């Protein structure tokens, strides 16, 4: 699930690449390989960190879709962006606290 979410996030967040740019192919290759590398790392770290990274990827992608749909025209879009970032940070703290409690 992590790799699929990362592939979707990469497709959503990355800007269009200019085909005339000489570095475009290299950038395309890196963006194609990166989700696989992140998926491998997710298998090597504790599950709480993998869960946090997955949820952060989904929240960030949702935030990007929402902001692009609105076009950044509404003044409260920045506030909503801050709220989503705060929710993501709180989620991280909950996962870290859970990991610490399980070690006790």
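Below are the figures for this structure:
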item	result
Total residues in the stretch 4-31, condition loosely packed, with under 15 Cβ neighbours inside 10 Å, in a helix (DSSP H, G or I) and at pLDDT below 85	9
Qualifying residue in the stretch 48-58 (condition: surrounded by fewer than 12 Cβ atoms within 10 Å (Cβ to Cβ), under 22 Å from residue 7 (Cβ atoms) and modelled with pLDDT of 70 or more)	no
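The values are calculated or read from the model by the stated rules, or taken from the named source; none is laboratory data. None of these values were measured; they are calculated from a predicted model. Positions of Cβ are backbone-derived with ideal geometry, glycine not excepted, and every protein chain shown enters the neighbour counts.
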